[in-house]
Structures are given as structure tokens and as C-alpha cells.
Amino acid sequence: METYTVLLPAAGSGRRMGAGFNKLFLEMAGKPILIHTLDVFEQDPDCSGMILSVKDEEKPKIEEMLERFGITKVAALVEGGAERQQSVAACIDAHRSGGIVLVHDAARPFIKRDVIRKLVEVAREDGAAIAGVQVKDTMKVAPDGIVEETVDRSKLWAIQTPQAFRYELLKEASDKAEAEGFLGTDESMIVERLGHPVKVVESTYDNVKMTTKEDLLFGEVLLKQRRQ
Ligand code: C5P
């Protein structure tokens, strides 16, 4: 198994959580969400290092947390940007050693090791692999709330992170996006623009992004279940 480096954007504000501060500092089972996520990679022997993008003013607090919770693999804390893509770009620029890189939202603490392993394997072979789950609901296109069409959901995937890439491919995609002022909602979009194929790896429905208060409740239940 090839090792990988994980790039973790952690510089958001979490407005939809309504906590009034970075949602990654909210605790579940006595540990901040950020630490739950970092712990997955700390414990994974295939992860050779982590690069985090953070808000400048939150850097001391995060450094203190890493120390307190025994997170040792963080190679760099870089300054995030106003948009998620810019925060990821800062991590990409800070990583210079090639190989396979994973981009993972710091707000997704429930990613499973076997999904990570599969993503790395596919990215090594094919360059780009993203985690996703098949959509469960009926999907319709409805601009302004008026249904235009119903989409064949058997072809649709809800895409998550991690997203895994050969470093050189991701770097080229990121530089091109920046030069052309393109802003995507995930890294796959910027790689797709290069015309490079991206493979979807089946993930799990519990790999939720902690976004609203309901996600926290769900997270507490998942953690409780894992402890049993
Ligand atoms: O806001 P959302 O949950 O979609 O953000 C996904 C991840 O990207 C979070 O871990 C958040 O901290 C990070 N982010 C960032 N810089 C931004 C916005 C979001 O690092 N400007």
C-alpha cells in the first residue's frame, strides 16, 4: 500500500451551524470535531502526514488542541482563504513531495479506513478518485421551484470527500483554476476541467459533513454506537 498525504481545509466559519464560532471546535463525546477527523488519519499507518489550512487567528488554538489530543502527523498549518477552494490551494502549494494526496473536509469525522484505502488505490492507478454515495431520493430539476424534469437517479451520486489524486494532476488543476478564476465546489471539478477522467468510489451514508445542529445529534449517536 502506497502512503498518502492528507490536505484538510479547516478555515471555514460554519455559519449554517449557528455556533458563532468555527464549528470544528464544537465537541462530540468530549472531543472537538476537528480532532475526531484528524484522529482517523493519525491512526492510519498509511497516512504519512497532514497539511491543514486554518484561519490565522485560530492557529494558536489549533496548535494547542493538536498538542492536547496527541496529534503528531501535522506537517504544516497554512493560512486558509475566503473560499474553500482557496484554502485547499494553500495546502496544495505547501505540499511539494508528489505522490498521492487526499483532500478531506475537516468537518467529516466519520470517514472509514477501507474507503480511504480504496481511494488511494484507484488514484494510484488512474490519477483521480472521489468518494460518493448513490442518491436515495427522487431528483428533479426545478428552477424557481417549478419542476422542469425528473432525472434518472440510477446515474446520480452525491459526492463527498475524501477526493484522492496524483499530486501533479491536482497541482496542475489548481493552478489552472486559479489562473482562470474558476471556483468549483469540490476538487474533482477542477480536475474534470483538464479532461482527466475521475472515478467514483462507493463510500458510506454516515460520512456526513457536520453542517447543521442535526448533524451533531447524528454524530453523537454514531459515536455512541461505535463505543458499544
Ligand atoms: O462550509 P463547509 O462545511 O462546506 O466547509 C467544508 C470544509 O472546508 C470545512 O472543513 C471548512 O472548515 C473548510 N473551509 C475552509 N475555508 C473556507 C471555507 C471552508 O477551509 N473558506
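Between the alpha-carbon centres of the stretch 1-30 and the stretch 74-109 there is a gap of 12 Å. Of all DSSP beta bridges confined to the chain, the antiparallel ones make up roughly 45%. Evaluated with a Cβ-only charge set (Lys, Arg +1; Asp, Glu -1), the stretch 4-227 carries a dipole of roughly 640 debye about its Cα centre, given to the nearest 20. First select every other residue whose beta carbon is under 15 angstrom from the beta carbon of Leu183; then total the charges, Lys and Arg +1, Asp and Glu -1. Taking every other residue near Leu183 into account, the sum is -4.
What shape does the stretch 119-170 take by its C-alpha gyration tensor, where a ≥ b ≥ c are the square roots of the eigenvalues and a/c under 1.5 counts as rounded, a/b above b/c as prolate, and the rest as oblate?
Prolate, because a/c is 1.5 or more and a/b exceeds b/c.
For the stretch 4-227, the Cα gyration tensor yields ellipsoid semi-axes of 26, 23, 18 Å (square root of five times each eigenvalue, largest first, whole Å).
Percent of alpha carbon pairs in the stretch 77-196 separated by more than 25 Å?
Within the stretch 77-196, distances greater than 25 Å cover 31 percent of Cα pairs.
According to the calculation over all Cα-Cα pairs in the stretch 1-126, the P(r) per 5 Å bin from zero is 2, 11, 22, 25, 21, 12, 6, 2, 0 %.
Counting Lys and Arg as +1 and Asp and Glu as -1 over every other residue whose Cβ lies under 9 Å from the Cβ of Val103, the net charge comes to -3. Taking the dipole about the Cα centre of the stretch 4-227, with the C-beta of Lys and Arg at +1 and of Asp and Glu at -1, give me whichever of Ala106, Val208, Val6 is farthest to the positive side. Selected residue: Val208. If the cut-off is a Cα-Cα distance under 16 Å, which aspartates and glutamates reach Lys140, setting aside same-chain residues fewer than 8 apart in sequence? Cα-Cα hits under 16 Å: Glu148, Glu149, Asp152.
Here the 3J(HN,Hα) profile of the stretch 76-88, calculated from phi with Karplus coefficients 6.51, -1.76 and 1.60 at θ = phi - 60°, is 7, 10, 10, 7, x, x, 5, 10, 3, 4, 5, 5, 5 Hz, Gly and Pro shown as x. One quarter of the convex hull surface built on the alpha carbon atoms of the stretch 86-133 amounts to 4.1 nm², the projected area averaged over directions.
Over the Cα atoms of the stretch 28-85, each weighted equally, I'd like the Debye log10 I(q)/I(0) at q = 0.16, 0.21 Å⁻¹, rounded to two decimals. For the stretch 28-85, the Cα-only Debye profile gives -0.51, -0.86.
With the contact rule set at Cα under 8 Å and sequence spacing of 6 or more, what percent relative contact order holds for the chain? Relative contact order here is 23 percent.
Since every read-out is calculated from the coordinates, none of them should be taken as a lab result. None of these values were measured; they are calculated from a predicted model. Positions of Cβ are generated from backbone atoms using ideal geometry, with glycine treated the same way; all protein chains shown enter the neighbour counts.
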